[in-house]
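Please read the structure below before turning to the comments.
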Amino acid sequence: MGKIEKEIVFKEGVKELMIPANKVAIVQVGNSLEHALLVLIKSGYSAIPVVDRDYKLQGLISTTRILDFSLGIERIEYEKLGQHTVEEVMEKKVAWIKESGLFFKALELSINHPFLCVVDDEGVFVGILTRKSILALVHRYLKHP
Ligand code: AMP
């Protein structure tokens, strides 16, 4: 890859590659764990973003975290699913990038995360960037430099 091509890859914005928020399965902090589990199972994803009422990014919720929380000593305590909220169980450390961020930063973060949340300047969730789409772009540039 030549210098100019490298600059194109590394200077590309993340917006172009993003899956917009209206196509992303999400839940809200106040939703019950039962609701979150239904959304997770129906969407087929193992982890999805969590937002607040103002659509600001707050965390990630996964099937594993919900099931782990519901585990009693000898059985899964399903009744807990209706009694507790997403906020109590979600992972608060989220890999995120601003929509004005650079592709290179996203590439670096995607080493450790299967997807990144994209937020605007106010922290409002605007979409996600998957490792898959990042790798597809890198592959395209390497194949046709
Ligand atoms: P993929 O590259 O399509 O396998 O997606 C990687 C991860 O990104 C998935 O396991 C989900 O956690 C998340 N993800 C991808 N697409 C969506 C979506 N439409 N809604 C919610 N989460 C998604």
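Computed from the coordinates by the stated procedures, all read-outs in this text should not be read as laboratory data. Just so it is clear, the structure is predicted and the values come from calculations on it, not from any experiment.
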Can you give me the angle between helix 131-143 and the longest principal axis of the chain, using Cα atoms only, in degrees from 0 to 90, rounded to the nearest 10? 20 degrees
Is it possible to state the helix-based mean residue ellipticity at 222 nm for the chain, with each DSSP H run of 4+ residues giving -39500 (n - 2.57), the sum divided by total residues, to the nearest 500 deg cm²/dmol? What is it? -10500 deg cm²/dmol
Please report the equivalent ellipsoid semi-axes of the chain, computed as sqrt(5 x eigenvalue) of the Cα gyration tensor, largest first, in whole Å. 34, 16, 11
Over the Cα atoms of the range 13-87 the radius of gyration and the largest Cα-Cα distance (Dmax), both in Å, equal 13.7, 50
Note the angle between two axes, namely the Cα long axis of helix 33-43 and the longest principal axis of the Cα atoms of the chain, as a number of degrees from 0 to 90, rounded to the nearest 10. 40 degrees
For LYS98, other-chain or 5+-apart residues with amide H closer than 5 Å (H placed, Pro excluded) are VAL119
Taking 0.36 nm per intervening residue step and subtracting the Cα-Cα distance, what contour gain separates LEU67 from LYS98 on full extension? 8.1 nm
Taking Cα pairs closer than 8 Å and at least 6 residues apart, the relative contact order of the range 3-143 in percent is 30 percent
